[in-house]
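Below is one structure, written out as structure tokens; the observations come after it.
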């Protein structure tokens with residue numbers, strides 16, 4: 001039975017764990033906050049996260065796919081610039097429309 005939450009578990013080396021703990025302490029960030037930030041950035045297609053993903057996958061992604069990703073990203077940025085709304089603001093508008101429809 002699901003309570004609406006999922007747990008992620010993975011393994012890293014002792015050295016990587018120690019280095020991460022030190023870095024998180026230096027940045028005054030709890031581990032859970034860090035991972036939630038990563039997940040949120042990935043889901044929301046954060047530009048910096050997108051660049052990191054492309055960099056990591058550059059040897060695995062075909063040039064055609066990379067071109068399509070870049071094109072999609074440019075179109076999304078143009079739309080955001082044109083309308084002056086972020087993706088989150090657009091979602092808020094749709095949420096409001098949905099709520100209005102339920103009220104009727």
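For the stretch 16-75, what is the Kirkwood estimate of the hydrodynamic radius, computed as the reciprocal of the mean inverse distance between distinct Cα atoms, to one decimal in Å? Show your work: numbers first, answer last.
Details: mean 1/r = 0.0747 Å⁻¹.
The answer is 13.4 Å.
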Q | Fewest-first sequence of 21, 64, 50 by Cβ atoms within 10 Å of each Cβ | A | 64, 21, 50
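Read-outs: derived from the displayed coordinates by stated rules, not from any lab. On a predicted model such as this, the values are computed, not experimentally measured, just so you know. In this analysis, Cβ positions are derived from the backbone assuming ideal geometry, glycine residues included, and neighbour counts consider all displayed protein chains.
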